[in-house]
Each structure stands twice: as C-alpha cells, then as structure tokens.
Amino acid sequence: MSTNVDPIRASVLHRRLKSITEEMGLTLLRTTRSPILNEARDFVTGLYDARGRMLEQSEYIPVLAFALQPACEHVAAYFGDDVHEGDVILHNDVFSGGNQNNDVAVFRPIFRERRLVAWAACKGHQADIGGAQAGGYNPEAREVWQEALRITPLKVHERGRLRRDVWRMIFANIRYGIVEEDIKAQIGATRVGERGMHELFGRFDARAFDDCVEYLFDASERMVRREIAAIPDGVYRGESWAFYDGVDDGSRMRIALAVTVRGDEVTFDFTGSSPQTPGFVNAPFSATASALLLTFLMLINPDVPHNGGILRPIRIVNPEGSFLNASFPAATTFGNSITGPTSDAIFRAFSQALPKMVTAGWNRMMGFTITGRDPRSDRSYVDILFLALKGGSGATWGADGYDHIGLINCAGGILAQDYEMFEIHDPHRLLRHEYAPDSAGAGRWRGGLGVETEFVIDGEDVTGIAFGDGVEEEARAFGLFGGKAGGVNEITITAPDGSVRRPKAKEILRGIPRGAVYRQRAGGGGGYGDPRERPVGLVVADVLDGVLSVEAARDDYGVVVDQRTLALDEQATRLCRGTR
C-alpha cells in the first residue's frame with residue numbers, strides 16, 4: 001500500500017465505484033423485461049480489476065455476493081491477452097466459477113490507454129436457460145446437460161461488433177424471447193459501468209487510481225480482521241440438514257461445519273458433509289462460498305466495503321465431491337437454495353461465540369415455478385412465484401424477525417410481485433395474500449411471520465415445478481436459546497373436480513388443469529429466547545392483529561386472552577406464567 005494515499009480521496013473513489021454499480025443496477029431495473037429482474041431484482045452488478053478482483057459490487061440479492069468474482073477471474077485467465085475494447089463476454093458455467101446455470105453473467109473489459117485495467121459485469125437470473133425443463137429448475141435432472149445450456153466464456157461482441165452466428169446459436173437453445181431482451185439489457189448495464197469508469201479515469205491518473213484501490217483493499221481487510229479478532233479464539237461446530245435429494249424419498253444431506261477462529265483469521269471447514277447427490281440437490285463451490293460470505297457478513301460490521309480485501313482473512317475448506325462442492329458433470333441448479341441449510345450451520349456454530357449477533361433460523365426455501373401458455377395472448381409464460389415463497393426471518397437478541405422477508409439467500413432483496421403486475425404477467429387471478437397466523441416461532445423475540453397465498457390458475461398446458469426442502473417437519477426454522485421453531489411450509493393444488501395434489505419438495509407436476517386453485521403457506525422464522533419472557537403487551541397486540549391465535553398465546557407465551565372479547569386476563573396470565 002502506498003503511504004502517499006490521501007484517505008479522503010480514496011473514500012471518494014470508493015463511493016464513486018459504489019455509485020457506478022448502483023447506476024448499472026438502475027439500468028437493469030428500467031430496461032429488463034422479465035419480472036424476475038425488474039420486480040424481484042434477482043441480479044448483481046459489479047466492477048473488477050484486470051485480474052478479476054472485486055473493486056465494488058451492488059448485490060440486489062445477497063446470495064450473489066460471491067457470484068461474479070470467481071467467474072470474472074476465470075474469464076480473465078481464459079482469454080488472457082485476447083480481449084479488446086468493445087468485447088462482450090457471456091458466462092454461466094458452474095464448473096468454471098459460476099454459481100447457478102440460470103444466473104447468466106455479462107463481462108465487458110475496460111481499457112485505459114490500450115491497457116486492460118478493469119471489468120464491468122452483471123449477472124441476472126434468466127427466465128429460461130435451455131435444458132430439459134422450461135424455466136431452468138428440473139428436479140428430474142441427473143447431469144448438467146439436462147439442466148441448461150452451458151455457456152463457458154464466450155464472446156458475443158468482438159471489438160464492438162456483434163457475432164451474429166454465436167448470438168443466434170445461444171438463443172436458438174433458449175425457449176423465451178424475453179431472455180434475449182434481458183441479456184441485451186445486461187450488456188447495456190456493462191456499458192454504463194464502462195462509461196462511469198472512464199469518467200473516473202479523468203479524475204485519477206493511473207498511479208493514483210491503482211494506489212487508491214490497493215488502499216481500499218487493505219482498509220477492508222483491516223476492518224474484517226478487527227471483527228474476527230473480537231471473536232474468542234476456538235473451534236465452533238455447527239450442523240444442519242437439507243432434505244430430499246429429488247431421487248430417494250426420505251433422503252437427508254448433512255452439512256458439517258467447523259469454524260476455527262485464530263487471531264484475526266477464520267477458517268470455515270465443511271469436511272464431513274454428505275457426498276454429492278445423484279439429483280440436482282448439489283452446489284458448485286461458488287454457490288457455497290456465496291452462502292458463507294453473505295451469512296458471515298451479517299455477523300460483522302455492515303459498513304465493510306465489498307471489495308477483494310474482505311476475502312483475505314477468510315479461508316474456505318470445501319472438499320470436492322460433497323454436495324456442497326459437486327464434481328463435474330453433476331446437476332446443481334438447487335445449489336443457491338442450499339444457502340438456507342448452510343446459513344443454519346453457520347448460525348449454530350457462531351451462537352457459541354456471538355450469541356447476541358446470530359439469528360434463529362429463517363424459513364427454508366419452498367419454491368414453485370409455473371410454466372404454461374397464456375390464453376389471453378397465446379404466448380408461453382413462466383413465473384417463479386416470488387410472491388408466495390416469502391417466509392419470515394429468525395429473531396435475534398433485542399429484535400423480532402422480519403415478517404414476509406423471504407429466504408436468507410435473498411434477505412429482503414427479492415421483492416414480492418406487485419399484485420396487479422402479477423395478474424398482468426400471468427394468467428392467474430389472485431384470491432388472497434396475507435400474513436399466516438401462528439407462523440412465527442415463539443420467543444422472547446418472535447420470528448418473522450410467513451404468508452399465505454391463494455390464486456386461480458387460468459393458464460393452459462400448465463406445468464408446476466416444486467423445488468425446496470421446506471415441507472418436512474424437521475425443516476422448520478429453528479429457535480435459539482429457548483425460542484421455538486417457525487411454522488412449516490405447505491403447498492396444495494386443488495383441481496376443479498375437488499381432487500388435491502400435495503407436491504413433494506422436489507417434483508414436476510404436469511397437466512395442472514385450468515381453474516385449479518394454488519395455495520401456499522410460507523413458514524415463519526424461529527424465535528429467540530424464552531417465550532414466557534416476552535412482554536405481555538406485545539403478545540396481546542399480535543392477538544389483536546390476528547397473527548397470533550388465543551390458543552398459541554396461552555400455550556406458547558403463557559398469556560391468557562378472552563376468546564370472545566380478546567381482553568387480557570391478567571390474573572390467569574400471572575398464574576399461567578408462574579407454572580411451566
């Protein structure tokens with residue numbers, strides 16, 4: 001690090017790099033066509049140095065925290081000197097730094113006086129990516145080729161000219177035209193990043209820019225090391241489980257984690273975790289690393305800048321061949337969704353060292369994608385139903401969990417669809433979407449509430465794809481320090497003839513009839529601390545709001561409320577709370 005760097009000037013550079021990534025994000029929000037991107041915001045934007053090290057990022061969902069740097073490093077090494085101004089490169093391959101097949105990255109090299117100095121990049125979840133199943137989630141996949149079109153580093157623009165043959169080959173293998181339009185929008189976002197960097201170059205000469213970048217890397221590293229040094233030295237162990245590999249009923253996959261804190265460095269060791277599965281319940285290394293990073297960042301100073309320096313004090317041991325680091329050619333589309341179980345193991349481990357920083361469990365993933373034909377337009381459609389899967393977060397010391405926040409890998413980044421836009425985009429008629437009573441885990445601080453969603457499917461040729469691990473009783477969001485578990489997930493589809501289908505956690509349901517009613521209950525987060533220590537007034541308020549039943553108030557919290565008047569019975573409450 002140069003000793004001549006002005007800290008104020010370096011701070012100005014940091015804020016400008018951050019604002020450029022945010023401008024790139026605003027471009028995507030206003031130019032993409034898929035609601036997955038422009039409503040749910042399932043993307044990340046970033047700037048990277050010539051070697052692919054993170055300069056700054058804006059993760060619109062947290063699971064993408066480490067989704068671009070490994071791929072950028074691979075792209076930079078793959079092309080070497082064969083990159084030129086005007087090149088645009090696509091990538092999604094999970095066996096060369098990608099995190100999920102549907103998450104397609106766009107990279108644009110940035111030059112300064114004919115020297116490669118940086119990359120502008122963005123990655124977004126696409127509505128389709130080829131493979132055997134529309135929409136990309138295929139619980140029946142047994143290898144990567146059944147999941148997706150693999151895009152290893154591939155130039156689609158070379159020296160500013162579109163390679164039409166390459167472009168047509170890619171999109172001939174993708175079902176929905178909307179994907180082509182969204183990739184164009186991503187290319188535009190990288191152009192915004194390039195322009196922003198060139199503006200910066202007018203304010204920082206090459207030496208000053210490089211010195212400030214190294215200063216920022218070193219500053220982030222120092223901040224993370226200070227946070228780690230504040231954790232007592234030791235080995236902390238956590239365990240959690242993912243449920244049902246999509247092949248063998250009742251199967252369970254163990255996450256074994258040992259966290260070693262020594263001085264100002266930390267090692268996360270997943271040795272002993274279950275081997276990779278024959279189905280798609282596997283993760284590539286990058287997906288597990290992202291899950292680890294987003295969870296760890298929740299436990300330390302939130303003001304740490306997101307650049308390559310944060311990774312220096314962190315070591316990850318994740319043996320290849322486990323379901324957390326699957327070997328080629330495994331199916332891995334469910335990998336991002338293993339973030340929930342991975343975070344559970346991390347929170348359980350750190351609850352021994354940082355009891356007031358961790359949260360109780362978050363509601364597990366129970367996703368459902370619907371594909372079909374919209375009779376209003378005679379066009380195909382796909383929806384991942386972000387509206388329905390948003391459960392509650394776990395409570396923590398001093399605070400209840402967030403209601404209807406979604407999965408921990410999204411942590412509020414994935415927005416619920418606007419009701420009117422939901423019915424415009426899809427041939428569905430929304431009947432109900434509201435907080436689910438008694439879904440929050442009881443505790444001194446209760447978990448966040450889940451939701452109940454109900455709508456009529458008015459599409460034709462409809463297929464549903466369930467992809468989750470949250471329907472099992474054991475998958476309920478766990479409580480901490482006497483707190484109770486959150487509610488369980490549940491999906492039912494009732495046909496017009498009254499027959500009911502309850503999908504497994506991973507299953508393709510073909511031939512869903514028009515007029516069927518879809519119902520989903522997304523569970524709440526786990527509670528923290530003894531429920532009998534929760535202030536009586538807060539319990540009564542939840543009863544009056546209709547999110548806690550009179551029975552649960554009595555049984556879980558020891559608070560007695562009159563069934564008819566909803567008035568507090570103070571004497572009965574004192575008696576109830578006095579007996580355990």
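The values are calculated or read from the model by the stated rules, or taken from the named source; none is laboratory data. None of these values were measured; they are calculated from a predicted model. Every residue, glycine among them, receives a Cβ derived from its backbone with ideal geometry; neighbour counts consider all protein chains shown. Areas reflect the complete protein model, heavy atoms only, side chains present, ligands, DNA and RNA absent. Shrake-Rupley method; radii C 1.70, N 1.55, O 1.52, S 1.80 Å.
Being within 30 Å of residue 484 (Cβ to Cβ) and either in contact (Cβ under 8 Å) with a residue 24 or more places away in the chain or among the polar types (S, T, N, Q) (or both) is a property that residue 363 has. Residues that are open to solvent by 20 Å² or more (accessible area, probe 1.4 Å) and under 27 Å from residue 198 (Cα atoms) within the range 21-37 comprise 22, 23, 26, 27, 29, 30, 31, listed in sequence order.
With the condition kept exactly as written, say whether any residue in the range 436-452 is hydrophobic (A, V, I, L, M, F, W, C), in a strand (DSSP E or B), open to solvent by less than 10 Å² (accessible area, probe 1.4 Å) and under 25 Å from residue 336 (Cα atoms). Checking the range 436-452: at least one residue is hydrophobic (A, V, I, L, M, F, W, C), in a strand (DSSP E or B), open to solvent by less than 10 Å² (accessible area, probe 1.4 Å) and under 25 Å from residue 336 (Cα atoms). Per the listing 316, 346, the residue uniquely part of a helix (DSSP H, G or I) and under 20 Å from the mean Cα position of the chain (by Cα) is 346.
Being open to solvent by 10 Å² or more (accessible area, probe 1.4 Å), among the small types (Gly, Ala, Ser), at pLDDT 95 or above and touching an Asp or Glu at 6+ places or on another chain (Cβ under 9 Å): is that true of residue 86 here?
On the way: open to solvent by 10 Å² or more (accessible area, probe 1.4 Å): yes; among the small types (Gly, Ala, Ser): yes; at pLDDT 95 or above: yes; touching an Asp or Glu at 6+ places or on another chain (Cβ under 9 Å): yes.
Yes, satisfied.
Elements of the type helices (runs of 4 or more DSSP H) sitting completely within the range 147-230 and holding at least 1 residues that are at negative phi and hydroxyl-bearing (Ser, Thr, Tyr): these cover 177-201, 206-229. Restricting attention to the range 515-539, the residues being of a type in the set (Lys, Arg) and closer than 21 Å to residue 365 by Cα number 2. Figure legend. Inter-residue proximity from the range 552-570: first residues more than 13 Å from residue 541 (Cα to Cα) and in contact (Cβ under 8 Å) with a residue 24 or more places away in the chain, second residues assigned to a loop (DSSP other than H, G, I, E, B) and small (Gly, Ala, Ser), beta-carbon distance below 6 Å, spacing 6+ or different chains. Indicated pairs: 556/442.
If only one of 305, 313, 329, 278 is open to solvent by 10 Å² or more (accessible area, probe 1.4 Å), touching a residue at least 60 places away in the same chain (Cβ under 8 Å) and touching a Lys or Arg at 6+ places or on another chain (Cβ under 7 Å), which one is it? Break it down into steps so the answer makes sense when it comes.
Values: 305 fails: touching a Lys or Arg at 6+ places or on another chain (Cβ under 7 Å); 313 fails: open to solvent by 10 Å² or more (accessible area, probe 1.4 Å); 329 fails: touching a Lys or Arg at 6+ places or on another chain (Cβ under 7 Å).
Exactly one of 305, 313, 329, 278 is open to solvent by 10 Å² or more (accessible area, probe 1.4 Å), touching a residue at least 60 places away in the same chain (Cβ under 8 Å) and touching a Lys or Arg at 6+ places or on another chain (Cβ under 7 Å), namely 278.
Looking only at the range 253-269, residues that are more than 21 Å from residue 223 (Cα to Cα) and crowded, with 22+ Cβ neighbours inside 10 Å come to 3 in all.
Check 288, 295 and return the single one that is in contact (Cβ under 8 Å) with a residue 24 or more places away in the chain, open to solvent by less than 10 Å² (accessible area, probe 1.4 Å), within 15 Å of the chain's Cα centre (by Cα) and farther than 30 Å from residue 438 by Cβ. Give the steps one after another, and end with the answer.
Numbers: 295 fails: farther than 30 Å from residue 438 by Cβ.
Residue meeting the stated conditions: 288.
Quick one: which residue in 150, 161, 168 is charged (D, E, K, R), over 24 Å from residue 57 (Cβ atoms) and buried (at least 17 other Cβ atoms within 10 Å of the Cβ)?
Values: 161 fails: buried (at least 17 other Cβ atoms within 10 Å of the Cβ); 168 fails: buried (at least 17 other Cβ atoms within 10 Å of the Cβ).
Step by step, each of 150, 161, 168 is checked, and only 150 is charged (D, E, K, R), over 24 Å from residue 57 (Cβ atoms) and buried (at least 17 other Cβ atoms within 10 Å of the Cβ).
Quick check on residue 433: is it within 22 Å of residue 513 (Cβ to Cβ) and either touching a residue at least 12 places away in the same chain (Cβ under 8 Å) or surrounded by fewer than 24 Cβ atoms within 10 Å (Cβ to Cβ) (or both)?
Numbers: within 22 Å of residue 513 (Cβ to Cβ): no; either touching a residue at least 12 places away in the same chain (Cβ under 8 Å) or surrounded by fewer than 24 Cβ atoms within 10 Å (Cβ to Cβ) (or both): yes.
It is false that residue 433 is within 22 Å of residue 513 (Cβ to Cβ) and either touching a residue at least 12 places away in the same chain (Cβ under 8 Å) or surrounded by fewer than 24 Cβ atoms within 10 Å (Cβ to Cβ) (or both).
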